[in-house]
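Below is one structure, written out as structure tokens; the observations come after it.
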Amino acid sequence: MNPGQDSRGNPGQDSRGAAIDLRSISKAYGSFKALDGVSLHIKAGEFMTLLGPSGSGKTTTLNVVAGFTEASSGALEVGGKSVVGVPAHKRNIGVVFQHYALFPHMTVSRNVAYPLALRGVAGAERERRVRQALDMVKMADFGHRFPSELSGGQQQRVALARAIVFDPPLLLMDEPLGALDKKLREWLQLEIKRIHRELGTTFVYVTHDQEEALVLSDRIAVFNRGRIEQIGTGRELYDEPATLFVGKFIGDSTVLRGAAAISGGETAIEIAGQKVATAKRLANGGSPVMLLRPEKLTLARRGADGDGRNRLTGRIGEAIYLGSGSKYEVDLADGSKAIVRSTLEADNFAIGDEVEVLFAGADVKLLADDDKADLTLT
Amino acid sequence: MEMKPLTRAILGLVCLLVAIWLVAPTLVVVPMSFNENKSLAFPPQGFSWQWYQNFVTNPDWSNSFLNSLKVASIVSVLATVLGTLAAFGLDRMKARPANLLRMLMLTPMVVPGVVLAIGIYAVYLDTRLVGTLLGFVLAHTILALPFVLIAVSANLEVFDRRLETAAASLGAGALTTFRTVTLPLIAPGVLSGLLFAFATSFDEIVVSLFITNPYLKTLPVQIFASITRDADPTVAAVGTILLFATTMLIGGGMLLLGRERKGRQ
């Protein structure tokens, strides 16, 4: 998370961006509900990422905000004004597409000047703003080129310049880095972050890449099956996932499933004859599962002292050296997998080693089981 | 794929034969147009410019040429506008009704020209359109429209409609988007449609023979009338002129297009 920006505060006080309010937005295509009651408030100047697998409704939400798709029902306000029924070309919202969508018959300069020409900005003022926008994306030397003469990353930077040159209070980005390779993507992520900081505009960013979402966003809305599962900072989503889907989608996780026994405030789950417990219980009932983050798990040789922690036996299935530590996949007795991250100082294990996985009951996230959480990940 | 020398030689020979077969009948008119005698016999005798002179000075020929030029110009513009709009509309329609409508609009290409001619003639007799400029323009536009429709549709098929979404997001309404984004990008199809429409009208003969009268003749009608009446080598002179004109037009167009494409890269 960006430490300079407290997302719980109000970055919108002196921001040039617009706040966005979606209330119970639904969109149906025949009997298929692409969006099922999506409500989301985005603060002025905030960097909000809509994260989810393909078909989860994140792009549909973006299209509704942009005006490309009309919602079946619900209210939508941008900058305090309802934009329901307002056509896309009158919304004054910048949009960056995954496929760049530069006009191939215009030079880079003319592409960027296009929205200015439509707004009656002419002459020296138009030139100045085109140059300024191209400067911001570091493409000032490419004004005379045609899009076909540029690489994918360069084209996307020009598209970004074109989307911000008319100072829209809101910028929408639909998987803008999806077609680029990893190195370029990481560099452009930082560029987008810098531009967001410099502009102070509200950014809404769609991606299916949770790492990208963590790098960029003030807050993240996690989409699944046309609904928002959880809204929060990256840290909140990682540390306190509200649903099993969020827990599995953000970061690595181990999910323990088994026959549950609830007594008082304690929940115990039996996995292949071994019992693990935590002093928590599900508030709303439902069948409980345990979710554990990789750094909360410790590996030990068989028969080592567990200090009273929960213990599960298993065998190392995969060992990955990461430089800053190691990542292990442990095959547990019931056939499921545990993912463990260990630090450099910890013991090393090899594939096939018989181990015990240890964890404290307090580190367990107890969540309601959801069989759909698995299906949507495939 | 590597070719054996023998295969290559045979292929070259076949290509040459086909090329001669395709072009020779057209080229025959060139020597015939310089014939000294009033005959269409081949090979021609002597050398003279008199048939070219006749084409320019004889009002039968010069008027029919100007008529054809006038009709074809109006038709090409009319058919291009209508055909482009039709192609655009069909592209944006639901698949099923669009296919039906498209087939309907392409029927003039499939229906035998004579059948169409009889129909048009019957209607024109009642509406007094025989031998009028309007009559020619309407009839030829029906015939030229499918060519524009096909050419523009082919371009729209590869046109990236997401560019229109992008234009809308930048503030362009539907008309502005069409003018500044869609039309420039489908311009090659519109232009080739225009050329086809012009050519279709300019050398249309079947329908024209039915709806012509002594006051309004197009060039193909005049050629046909002349050749059925007597062996006038002016026909060959006209043919030669048209041959050079079209060669220049197409060649020039290809050069221009090639240069533009090079400039873009």
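You will find that of B:175, B:170, B:216, B:195, the residue that is more than 19 Å from the chain's Cα centre (by Cα) and touching a residue at least 24 places away in the same chain (Cβ under 8 Å) is B:216 and no other. Within region B:219-262, the residues that satisfy the criterion of being farther than 23 Å from residue B:192 by Cα and either part of a strand (DSSP E or B) or among the hydroxyl-bearing types (Ser, Thr, Tyr) (or both) are B:226, B:228, B:234, B:240. Of all the numbered requirements in (1) surrounded by 14 or more Cβ atoms within 10 Å (Cβ to Cβ); (2) under 27 Å from the mean Cα position of the chain (by Cα); (3) within 24 Å of residue A:350 (Cβ to Cβ); (4) at pLDDT 90 or above, residue A:316 misses one, and that requirement is (2). Here residue A:93 clears all of (1) under 26 Å from residue A:130 (Cα atoms); (2) of a type in the set (A, V, I, L, M); (3) more than 10 Å from every other protein chain (Cβ to nearest Cβ) except the condition numbered (3).
Filter region A:305-323 for residues that are assigned to a loop (DSSP other than H, G, I, E, B) and either among the acidic types (Asp, Glu) or out of contact with any Leu (no Cβ under 8 Å at 6 or more places or on another chain) (or both) and give the result.
The first filter runs over region A:305-323 and keeps only residues assigned to a loop (DSSP other than H, G, I, E, B), leaving A:305-309, A:322-323.
Result: A:305, A:307, A:308, A:322, A:323.
Selection within region B:79-123: residues that are surrounded by 14 or more Cβ atoms within 10 Å (Cβ to Cβ) and among the hydroxyl-bearing types (Ser, Thr, Tyr). The member of this set that is farthest from residue B:138 (Cα to Cα) is B:84.
When residue A:77 is tested against (1) surrounded by 17 or more Cβ atoms within 10 Å (Cβ to Cβ); (2) touching a strand residue (DSSP E or B) at 6+ places or on another chain (Cβ under 9 Å); (3) assigned by TED's automatic domain parsing to the domain that holds residue A:40; (4) within 18 Å of residue A:168 (Cβ to Cβ), only condition (1) is not met.
Among residues of region A:348-360 that are loosely packed, with under 12 Cβ neighbours inside 10 Å, those with a beta-carbon under 8 Å from a residue that is small (Gly, Ala, Ser) and in a strand (DSSP E or B) at least six positions away or on a different chain give the pairs A:350/A:319; A:351/A:317; A:351/A:319. When residue A:66 is tested against (1) under 30 Å from residue B:188 (Cβ atoms); (2) facing chain B (nearest Cβ under 8 Å), only condition (1) is not met. Would you check if residue A:272 is surrounded by fewer than 19 Cβ atoms within 10 Å (Cβ to Cβ) and either of a type in the set (Gly, Ala, Ser) or farther than 28 Å from residue A:337 by Cβ (or both)? Yes: the conditions hold for residue A:272.
Counting just the residues of region B:124-143 that are among the aliphatic types (A, V, I, L, M) and closer than 19 Å to residue B:66 by Cα, which one comes out surrounded by the fewest Cβ atoms within 10 Å (Cβ to Cβ)? Can you show your working first?
So in region B:124-143, the residues among the aliphatic types (A, V, I, L, M) come out as B:125, B:129-130, B:133-134, B:137-139, B:142-143.
Now restrict to residues that are closer than 19 Å to residue B:66 by Cα: B:130, B:133-134, B:137-139.
Values: B:130: 19, B:133: 13, B:134: 11, B:137: 20, B:138: 18, B:139: 26.
Among those residues, the one meeting the criterion is B:134.
Looking at A:216, A:199, A:190 in this structure, which one is assigned by TED's automatic domain parsing to the domain that holds residue A:32 and under 11 Å from the mean Cα position of the chain (by Cα)? Write out each step before concluding.
Details: A:199 fails: under 11 Å from the mean Cα position of the chain (by Cα); A:190 fails: under 11 Å from the mean Cα position of the chain (by Cα).
Among A:216, A:199, A:190, only A:216 is assigned by TED's automatic domain parsing to the domain that holds residue A:32 and under 11 Å from the mean Cα position of the chain (by Cα).
Screening the candidates B:181, B:206, B:235 for the property of being away from chain A (no Cβ under 14 Å) and farther than 17 Å from residue B:147 by Cβ yields one hit, B:235. Looking at region A:338-350, is at least one residue touching an Asp or Glu at 6+ places or on another chain (Cβ under 9 Å), under 17 Å from residue A:276 (Cα atoms) and among the hydroxyl-bearing types (Ser, Thr, Tyr)? Within region A:338-350 (the criterion being touching an Asp or Glu at 6+ places or on another chain (Cβ under 9 Å), under 17 Å from residue A:276 (Cα atoms) and among the hydroxyl-bearing types (Ser, Thr, Tyr)), the answer is no, since none of the residues qualifies.
Quick test for you: out of B:187, B:144, B:167, pick the one residue that is part of a helix (DSSP H, G or I), within 14 Å of another protein chain (Cβ to nearest Cβ), small (Gly, Ala, Ser) and in contact with a Ser or Thr (Cβ under 6 Å, 6 or more places away or on another chain). Reasoning before the result, please.
On the way: B:187 fails: in contact with a Ser or Thr (Cβ under 6 Å, 6 or more places away or on another chain); B:144 fails: within 14 Å of another protein chain (Cβ to nearest Cβ).
Exactly one residue qualifies, and that residue is B:167.
Look at (1) in a helix (DSSP H, G or I); (2) away from every other protein chain (no Cβ under 12 Å); (3) not hydrophobic (A, V, I, L, M, F, W, C) and you find that residue A:111 fails only one, number (2). Quick check on my filter: what residues within region A:137-183 are under 23 Å from the mean Cα position of the chain (by Cα), touching a residue at least 24 places away in the same chain (Cβ under 8 Å) and assigned to a helix (DSSP H, G or I)? Once the filter is applied, which keeps residues that are under 23 Å from the mean Cα position of the chain (by Cα), touching a residue at least 24 places away in the same chain (Cβ under 8 Å) and assigned to a helix (DSSP H, G or I), region A:137-183 yields A:152, A:153, A:156, A:157, A:159, A:160, A:163, A:164. Would a scan of region A:89-96 turn up a residue that is under 30 Å from residue A:151 (Cβ atoms) and assigned to a helix (DSSP H, G or I)? Among the residues of region A:89-96, at least one is under 30 Å from residue A:151 (Cβ atoms) and assigned to a helix (DSSP H, G or I), which makes the answer yes. Candidates are the residues of region A:57-74 that are in contact with a strand residue (DSSP E or B) (Cβ under 6 Å, 6 or more places away or on another chain) and more than 20 Å from residue A:229 (Cα to Cα); the one that is surrounded by the most Cβ atoms within 10 Å (Cβ to Cβ) is A:66.
Per the conditions (1) within 14 Å of another protein chain (Cβ to nearest Cβ); (2) of a type outside the set (Lys, Arg); (3) in a strand (DSSP E or B); (4) without any contact (Cβ under 8 Å) to a residue 24 or more places away in the chain, the sole criterion not satisfied by residue A:117 is (3).
The values are calculated or read from the model by the stated rules, or taken from the named source; none is laboratory data. This is a predicted model, so every value here is computed, not measured. Positions of Cβ are backbone-derived with ideal geometry, glycine not excepted, and every protein chain shown enters the neighbour counts.
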